[in-house]
Each structure stands twice: as C-alpha cells, then as structure tokens.
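Inspection log for the structure reproduced underneath, given as structure tokens.
The values are calculated or read from the model by the stated rules, or taken from the named source; none is laboratory data. Keep in mind it's a predicted model, so treat the numbers as computed, not measured. Note: ideal-geometry Cβ built from the backbone for every residue, glycine included; neighbour counts use all protein chains shown. Heads up: the accessible areas ignore ligands, DNA and RNA and are worked out on the full protein's heavy atoms, side chains in. Shrake-Rupley method; radii C 1.70, N 1.55, O 1.52, S 1.80 Å.
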Amino acid sequence: MVTKPKPIARCGKEDIMRIELLRRFIVIAEELNLTTAAAKLFVAQPLLSKQLKQLEEEYGTKLINRTTTSMTLTPEGEVLYERAKLICEIDSQTRNELSINRRRGNRVLRLALPPFVATSFFGGRGKEFLDKYPFLRLNVLEGGAFNTVQHLKSGVADVVVTHTSESFLGEVESFYSRKVSFVLAYSKEAFPEFCGREVVSTRDLVDVPLYVCSRFASLLHASEISRNQHFNITCTTNVLLTGVKLVENGYAVGLFPSYVYPQLKEKSDLGLCVIDDEHLSIEMHVLMASSKEPDDMLMDLIYTLSESLDELIDREDADDNA
C-alpha cells in the first residue's frame, strides 16, 4: 500500500511551499544553528524551528540532532540536504528558463539586409539562430545598402548588414568588417571575348556596355578619374537582382560585389572574371543601433550574421582556388 505524503501544515496565515521549506532546510543544515540561520533567512527563530519540525513530520524521520550546545545532521538529514540542494537547483534553472522564454515571447528583433545576403543567411546559419530562439519574432527588411543604413538611422532596424561611409561609422559601432572585391559577370553568348579569362582590368571594360548597381557607381567614377578612362555605363538599378537579369539577357556586362558570386556561379550561361582594380572594393559591416543594449540575443544574432558573411565571401575564394 502506497502511503501518501502528509500535507504541509499551515504556518501563520499562508502555506509555505515545500520548495521554500527545502531552501530553508539547506541554510539550517549549513549553519547548524537556528539563530544564525533565522538571521540569514530574515525570519523569526521560533518560526524556523516550527518549519524544521514540519519537515521532520512530513518525511517521518528525525533530520537534526539537537543538544543544548550543538546541532548535527542525522544520516537522514544528510540525505535530505544533498537532495534538497539538487531539487532547489533544478527549480531555479526551471524558473530562469521560463522567465527567458516569457521574455522571448514578447521580443521582436528588426533586421535589415541586402537581398543576396538575406538569401544566404536564411538558407544557412539563420535557421540555426531561429531554432535557438523559437519564441522570437524577427522582422526582416530587405533592401540595398543605402536603405539598410537609413533604417538604422531612423530607428526602424536594430541590426543591419551594409557597406557605408567612414563618416557614418563614427556614429555607430561596427561589430564586423570585411573587405569585399568585385567580379565581372557576362553572358557567354553575347560577350564571347571574355570567355576563358580569369582576370580582367578596367581597360578591358572601356568600350563595353556596362551595368552597375547605382550605389556602386561612385567606385567606377573613382576608377575613371584615377586612370583617365571613361566607361560606357548603359544601365544602373537599385536592386542587384534586376542587374543579374540584365546581364543574363546580354544587355551589358555587370559589376557585382563578390558576395553575389555564389548565385551568379549557379547560372551556367554566365561567365565570371575577377576585376583587377583597387578602387572596386567595399567594406561590409554589421552595425547595431546605438540605442540598443548589446544583450546576449543581439550579440548572438551579430555573431551569426558575421559567420554567415564570412562563409558567403570565402565561398568565392574557395571556388576560385578549386
């Protein structure tokens, strides 16, 4: 026959939870003095003595040997002491996890990314991050680097991936910085003269119809000025995806940052070359709004984004060396 545990008696006007009695027993067992234990727990000594008696009645055994001058744990008291520490530790961990989950359930993170970076992130490490924080709501804004900076300035985004000017970097902290070169993409059918070439110089592009994303046009202008050259820029867009379609259709050859390389390489009708020009490079950054506190979740997001960017950029280098 199974004996049900006795209910805990009332102490004053309210019931004391069993877990709280166990916490108080731990202090008694460590102090082995009811007066000092009561002072440490901020309770009256007679009340603590009564609660110790409650535990002994509940477990049906003596837990403390008491004399007029000393207190010692009985063997049963030593067992309960060790178990009580384990139970209270599990209780604390559980309460902490429930509290974190409750806060996550109300948490919204706003992230602004260039589309190609977003595609790579959510196709790879982004899933790991979201699996780790299942109660998080992530609001993702996709747009060009200029737009992501504006989102950060206006407070619309908490974390952004972008390339930006040194003057703006003075206003916020960059948690990641990586130099990104450019590649030339071309239709093999429309521009066979580039086929088989691994590297081209800007001189090779002077008389060729050229596409460049509008936010990178200033890089080309800097190259023109330094070399006294003039490029035939026939089209600019705000979105790199549109530029890829223009290049696929043979309208122009295109200049793309190397983080677009993996997607370009998948298109068998396109050829790819490295461009030998020190002006054609950018610095990618992961930035956080200055108004945000860099807590564990935000730093985890920044770390995951940084790893994703490294993988994206290094993939081009790995393919080139293969």
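Peptides 245-256, 44-55, ordered by how many other C-beta atoms sit within 10 Å of their residues on average, highest first, read 245-256, 44-55.
Counting only protein heavy atoms and a 1.4 Å probe, region 37-137 has 61 square angstrom of accessible area per residue. What the Cβ-Cβ distance of Asn33 and Ile90 gives, at R0 = 22 Å and to the nearest 0.05, is a FRET efficiency of 0.20.
Largest GNM mean-square fluctuation across Gly126, Gly155, Gly196, computed for the chain with C-alpha springs under 10 Å, falls on Gly196. With all pairs of separate Cα atoms included, region 264-303 yields a Kirkwood hydrodynamic radius of 14.3 Å. In whole Å, how far is the Cα centre of region 55-72 from that of region 177-256? A separation of 85 Å, based on Cα centres.
Rg of the Cα atoms in the chain, relative to 2.2 N^0.38 Å, amounts to 1.67.
Using the Cα gyration tensor of region 254-320, with a ≥ b ≥ c the square roots of its eigenvalues, what is the shape: rounded (a/c below 1.5), prolate (a/b larger than b/c) or oblate (neither)?
Note, shape of region 254-320 comes out prolate.
Per-atom-type breakdown for the chain gives carbon and sulfur 51% of the accessible area (1.4 Å probe, protein chains only).
Each Cα pair of region 33-96 feeds into the Kirkwood radius, which the Stokes-Einstein equation turns, at 10 °C and 1.306 mPa s, into a diffusion coefficient of 122 µm²/s.
For region 216-322, the per residue solvent-accessible surface stands at 47 Å², with DNA, RNA and ligands left out and a 1.4 Å probe. Other residues lying with their Cβ under 14 Å from the Cβ of Leu32 contribute a combined charge of 0, Lys and Arg counting +1, Asp and Glu -1.
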